[in-house]
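Down below is the structure, laid out as structure tokens.
Here, each number is a calculation from the coordinates, and none is a lab measurement. Keep in mind that this is a model prediction, so the values were computed, not measured. For neighbour counting, all protein chains shown are included, and Cβ atoms are generated from backbone atoms with ideal geometry for every residue, glycine included.
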Amino acid sequence: MSYQVLRVPAEATYSLRQQVLRPHQTLTQMRLAGDEDADTGFLAAVDADGTVLATASVRREACPWQPGRIDGWRLRGMATAPDRQRQGVGGRVLAATVTHVEEHGGGLLWCNARTPAQTLYERAGLVVYGDEWLDPVIGPHVHMWREVAAAG
Ligand SMILES: CC(C)(COP(=O)(O)OP(=O)(O)OC[C@H]1O[C@@H](n2cnc3c(N)ncnc32)[C@H](O)[C@@H]1OP(=O)(O)O)[C@@H](O)C(=O)NCCC(=O)NCCS
């Protein structure tokens with residue numbers, strides 16, 4: 001399977017995110033606060049046909065349990081097409097989000113992780129903060145985070 005991991009426009013991620021993460025919502029609801037900010041990065045694995053196989057976004061947003069830090073980055077919307085899961089594609093997109101943070105000054109990278117995906121984030125160096133909680137629509141989650149040093 002040949003693909004590249006690229007920075008893409010927000011809109012390029014909506015269809016896959018809706019299909020994999022939020023089938024109970026509309027395409028319009030895939031747009032999130034901060035999508036248009038210059039530092040927000042949408043990363044995607046894109047095959048030779050231009051099909052988005054996996055995606056994630058990262059944006060400047062304060063970490064809820066470290067509100068004093070001004071260098072928070074929130075990872076959101078990790079999704080891989082069902083027939084491409086567990087082949088390392090999501091891991092490569094996640095690595096690209098870490099690179100994005102490195103290239104934008106580093107900081108505290110955090111996310112609300114669905115617990116089945118916890119090992120994916122652990123492999124990228126994130127650790128769990130606090131206790132598991134239940135989103136009534138989506139299921140069990142944990143907070144996760146790591147420090148990311150600035151590039152160079
Ligand atoms: C989570 C997800 C983005 C990972 O992408 P991927 O391309 O499968 O990732 P990789 O092949 O690099 O890594 C596999 C890891 O992804 C996670 N994973 C795989 N399939 C998953 C699934 N159906 N649901 C949740 N997590 C899954 C696991 O942590 C897995 O690691 P493990 O095999 O050690 O358990 C992808 O599986 C997915 O879209 N799952 C459904 C949506 C979701 O849960 N997104 C995460 C929101 S926090």
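Going by the conditions given, is E61 exposed (fewer than 12 other Cβ atoms within 10 Å of the Cβ), touching a residue at least 12 places away in the same chain (Cβ under 8 Å) and more than 14 Å from the ligand (Cβ to nearest atom)? When the stated conditions are applied, E61 does not pass them. If you check A33 against the conditions, is it more than 16 Å from the ligand (Cβ to nearest atom), closer than 17 Å to G106 by Cβ and without any contact (Cβ under 8 Å) to a residue 24 or more places away in the chain? Spelling it out, it is not the case that A33 is more than 16 Å from the ligand (Cβ to nearest atom), closer than 17 Å to G106 by Cβ and without any contact (Cβ under 8 Å) to a residue 24 or more places away in the chain. Could you check region 81-105 and list, in sequence order, the residues that are of a type in the set (A, V, I, L, M) and more than 6 Å from the ligand (Cβ to nearest atom)? Residues satisfying the conditions are A81, V93, L94, A95, A96, V98, V101.
Annotation note: of V52, V58, the sole residue that is farther than 20 Å from Q87 by Cα and in contact with a helix residue (DSSP H, G or I) (Cβ under 6 Å, 6 or more places away or on another chain) is V58. For region 110-129, the count of residues that are more than 6 Å from the ligand (Cβ to nearest atom) and touching a residue at least 60 places away in the same chain (Cβ under 8 Å) is at least one.
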